[in-house]
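Colleague: What follows is a single structure, and I will ask about it in a moment.
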Amino acid sequence: MFMNIKRVILIVLDSVGIGELPDAAQYGDQGSNTLGNIVKQFGSIHLPNMCQLGLGKIDGIDYLNVPENITGCFGRMAEASKGKDTTTGHWEIAGIRLKKEFPTYPEGFPDEIISRFKEYIGTDILGNYPASGTEIIKELGQKHMETGYPIIYTSADSVFQIAAHEEIIFVERLYDMCAYARSILTGEHAVGRVIARPFTGEEGNFVRTKNRKDFSLEPGDITILDELNQKGLDVMAVGKIEDIFAGKGITRAVHTFSNMDGVEKTIKFMEQDNQGLIFANLVDFDMVYGHRNDAEGYKKALEEFDMRLPEIVSKMKDSDLLIITADHGCDPTTESTDHSREYVPVLLYGKNIKAGVNLGTRSTFSDIAATIAEIFRIENTFNANSFLPLIV
């Protein structure tokens, strides 16, 4: 490995995009700028610690404070893969670029899938159309409780979601249904994720529970996680990471119930004696605020994470490298509640790297995988360009 870096802490701020990509119009995302539009709507945002690392100096960002003394390295990355969903973004960060988007179902799932699913579960279904997860249980929750039929829905993402009240369809049975759906959603219907969405409560007050579970498609190629694992190094996953990679290449995983819980569990891994990669996803930006167009909540969540950044930095060993990035956008100020095709930031900090280096605009998220590979002397370059030579 690069002699002075023994561990990488990679934190994905889920959906924190920083401006539309050149092909955004092809995805209906003209004008999307998750961070920029939040600042524009409220006039300001307080992110002193990320700005200290260079967030305000990234190409295309001219609306944030720029301290005199920048302590980190900074840049932005374009997504080379087709698509703009969670799986696509994370897989590309880990070294896989998709030439074809995962399938989506704006008209609902075809009969060839639904009929097989109904045959397996032995009942009819409700829904089978794109919807907000919170709205569809308001709309169909009571009918679900009366009939016992599971609620099937999708979104602009490549997902097959099953919602069920925990007292009507027990969680383990719901997981079994999802596992079956995963088994038949293959080939042209190989969606990125099948998601169990259990809820509780009564009509007018249905609430989704923490028993969500993702059944992801296995990565179709080698990732940096696999390479590190095969080298005998640790791959510690926090939050959705285990689900996104279907457990592949991961040595230990913990799930989370909020951004701050994700920060706490990342810090706990940092305090342990491990070498390799700590890979964390903070999902609230996307799930709680982006998809619900809650710009004020999104702003507060960004400021809350920024306040925890000094604590994360204080827990770093001299041989650690911190990388902060995102996987796509989800602009809460636009009419759309879906992900947006945007550049993402990349911020780096460590005792053994230079400060103030502008990494420019990277052509693929996989430059992160290539950088980690070079640090640990892994031959696989993932057809990307390591930025290690720029920062050491």
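The values are calculated or read from the model by the stated rules, or taken from the named source; none is laboratory data. The structure displayed is predicted, hence computed values, not measured ones. Here the Cβ positions follow ideal geometry from the backbone for every residue, glycine too, while neighbour counts run over all protein chains shown.
Colleague: I'm checking my understanding of the structure. Among residues of region 168-181 that are free of Cβ contacts under 8 Å to residues at least 40 places away in the same chain and in contact with a helix residue (DSSP H, G or I) (Cβ under 8 Å, 6 or more places away or on another chain), which one is surrounded by the most Cβ atoms within 10 Å (Cβ to Cβ)?
Modeller: I169
Colleague: While we're on this one: I need every pair where a residue in region 59-73 that is surrounded by 19 or more Cβ atoms within 10 Å (Cβ to Cβ) and part of a strand (DSSP E or B) has its Cβ under 8 Å from the Cβ of a residue that is modelled with pLDDT of 95 or more and among the charged types (D, E, K, R), sequence separation at least 6 or different chains.
Modeller: C73/K354
Colleague: Residues in region 84-97: is at least one surrounded by fewer than 20 Cβ atoms within 10 Å (Cβ to Cβ) and closer than 30 Å to T381 by Cα?
Modeller: Yes; the residues of region 84-97 include at least one that is surrounded by fewer than 20 Cβ atoms within 10 Å (Cβ to Cβ) and closer than 30 Å to T381 by Cα.
Colleague: Here are the criteria: (1) in contact (Cβ under 8 Å) with a residue 60 or more places away in the chain; (2) out of contact with any helix residue (DSSP H, G or I) (no Cβ under 6 Å at 6 or more places or on another chain). Tell me which single one G247 does not satisfy.
Modeller: The failed condition is (1).
Residues are listed down the side, and each one gets a yes or a no for (1) free of Cβ contacts under 8 Å to residues at least 40 places away in the same chain; (2) part of a loop (DSSP other than H, G, I, E, B); (3) in contact with a strand residue (DSSP E or B) (Cβ under 7 Å, 6 or more places away or on another chain); (4) surrounded by fewer than 17 Cβ atoms within 10 Å (Cβ to Cβ):
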{"position": "P332", "(1), (2), (3), (4)": "no, yes, no, no"}
{"position": "N352", "(1), (2), (3), (4)": "no, yes, no, yes"}
{"position": "T361", "(1), (2), (3), (4)": "no, no, yes, yes"}
{"position": "I368", "(1), (2), (3), (4)": "no, no, yes, no"}
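Colleague: Also, quick follow-up: Could you tell me which residue of region 127-137 is nearest to the chain's Cα centre (by Cα), considering only residues that are over 18 Å from A181 (Cα atoms) and either modelled with pLDDT of 95 or more or surrounded by fewer than 17 Cβ atoms within 10 Å (Cβ to Cβ) (or both)?
Modeller: S132
Colleague: Given the criterion among the small types (G, A, S), more than 17 Å from D23 (Cβ to Cβ), outside the structural domain of F365 (by TED's automatic domain parsing) and touching a Ser or Thr at 6+ places or on another chain (Cβ under 9 Å), identify the matching residue among S132, S115. Steps first, answer last, please.
Modeller: Values: S115 fails: touching a Ser or Thr at 6+ places or on another chain (Cβ under 9 Å).
The match here is S132.
Colleague: Same structure, new question: Please pick out the residue among D124, D85 that is among the acidic types (D, E) and either without any contact (Cβ under 8 Å) to a residue 12 or more places away in the chain or farther than 19 Å from A181 by Cα (or both). Spell out the reasoning first.
Modeller: Values: D124 fails: either without any contact (Cβ under 8 Å) to a residue 12 or more places away in the chain or farther than 19 Å from A181 by Cα (or both).
Selected residue: D85, the only one of D124, D85 that is among the acidic types (D, E) and either without any contact (Cβ under 8 Å) to a residue 12 or more places away in the chain or farther than 19 Å from A181 by Cα (or both).
Colleague: Being in a helix (DSSP H, G or I) and not aliphatic (A, V, I, L, M) is the filter; apply it to region 138-160 and report the residue that is surrounded by the fewest Cβ atoms within 10 Å (Cβ to Cβ).
Modeller: So the first thing to find is which residues in region 138-160 are in a helix (DSSP H, G or I), and the list is 138-147.
Next, only the ones that are not aliphatic (A, V, I, L, M) stay: 138-139, 141-144, 146-147.
Numbers: K138: 14, E139: 17, G141: 23, Q142: 15, K143: 13, H144: 24, E146: 10, T147: 14.
Here the residue is E146.
Colleague: Still on this structure: Residues to consider are I9, I18; find the one that is outside any loop (DSSP other than H, G, I, E, B) and crowded, with 21+ Cβ neighbours inside 10 Å. Walk me through how you get there before you give the answer.
Modeller: Numbers: I18 fails: outside any loop (DSSP other than H, G, I, E, B).
So the residue among I9, I18 that is outside any loop (DSSP other than H, G, I, E, B) and crowded, with 21+ Cβ neighbours inside 10 Å is I9.
Colleague: Of everything in region 161-182, what is closer than 29 Å to S15 by Cβ and assigned to a helix (DSSP H, G or I)? Give them in sequence order.
Modeller: First, the residues of region 161-182 that are closer than 29 Å to S15 by Cβ: 161-166, 171, 174-175, 177-179, 181-182.
Result: V171, L174, Y175, M177, C178, A179, A181, R182.
Colleague: Sticking with this one: With respect to G127, determine if the residue is in a strand (DSSP E or B), of a type outside the set (A, V, I, L, M) and in contact with a strand residue (DSSP E or B) (Cβ under 7 Å, 6 or more places away or on another chain). Break it down stepwise before answering.
Modeller: Working: in a strand (DSSP E or B): yes; of a type outside the set (A, V, I, L, M): yes; in contact with a strand residue (DSSP E or B) (Cβ under 7 Å, 6 or more places away or on another chain): yes.
The answer is yes for G127.
Colleague: So N4 clears everything in (1) touching a Ser or Thr at 6+ places or on another chain (Cβ under 7 Å); (2) over 25 Å from G247 (Cβ atoms); (3) at pLDDT 95 or above except one condition, right? Which one?
Modeller: Only one criterion in (1) touching a Ser or Thr at 6+ places or on another chain (Cβ under 7 Å); (2) over 25 Å from G247 (Cβ atoms); (3) at pLDDT 95 or above is unmet by N4, namely (3).
Colleague: If you don't mind, there's one more thing I want to ask. Keeping to region 144-186, report how many residues are over 12 Å from K213 (Cα atoms), small (G, A, S) and at pLDDT 95 or above.
Modeller: Total meeting the criteria: 4.
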